[in-house]
1. In a shell of Cβ-Cβ distance under 15 Å around LYS41, excluding LYS41 itself, what net charge do Lys and Arg (+1) and Asp and Glu (-1) give?
2. The list [x] 47, 28, 24; [y] 115, 16, 9; [z] 38, 24, 19 gives values of Cα extents along the principal axes in Å, and only one came from this structure; which label was calculated from it?
3. What full-extension length gain, to one decimal in nm, is calculated for LEU68 and LEU50 as 0.36 nm per residue of separation minus the Cα-Cα distance?
4. Under a Cβ-Cβ cut-off of 12 Å, what is the net charge of the residues other than ASN51 that fall near it, where Lys and Arg count +1 and Asp and Glu count -1?
5. What is the distance in Å between the Cα centroid of segment 29-78 and that of segment 1-20?
6. Taking 0.36 nm per intervening residue step and subtracting the Cα-Cα distance, what contour gain separates ASN2 from SER32 on full extension?
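None of the figures in this text is laboratory data; all of them are computed from the coordinates on show. Just so you know, these numbers come straight off a predicted model, no measurement behind them. Positions of Cβ are backbone-derived with ideal geometry, glycine not excepted, and every protein chain shown enters the neighbour counts.
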Amino acid sequence: MNILIISVIFTFQKTKEVEEEKISLINLELASEKKIANQLKGIPKKVERLNYSTQNKLLRIKVSVFNLNFTFDELFKT
């Protein structure tokens, strides 16, 4: 009977250690995921700013091309 109780206690202790280690690893992974999530929060704003900047540059290029085209048309009319 005593051997059975000691065996159950030993098994319980081993299982407890293994489960505590698993929980510790999960907590580390969760902390890592939270850190990554916080880093990624600002990315949509950066993408939006980059998109706005790119659209402005493209608009300037289009206006410049239009102005050049108009200038060439005026030069070659005469």
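1. On the way: positive: LYS34, LYS35, LYS45, LYS46, ARG49; negative: GLU33, GLU48.
Computed value for this residue: +3.
2. Only one listed value fits the structure, namely [y].
3. On the way: separation 18, 0.36 × 18 = 6.48 nm, distance 2.68 nm.
Contour length minus Cα-Cα distance gives 3.8 nm.
4. Residues close to ASN51 contribute a combined charge of +3.
5. Using only Cα atoms to place each centre, the spacing works out to 64 Å.
6. Here the segment from ASN2 to SER32 would lengthen by 6.3 nm.
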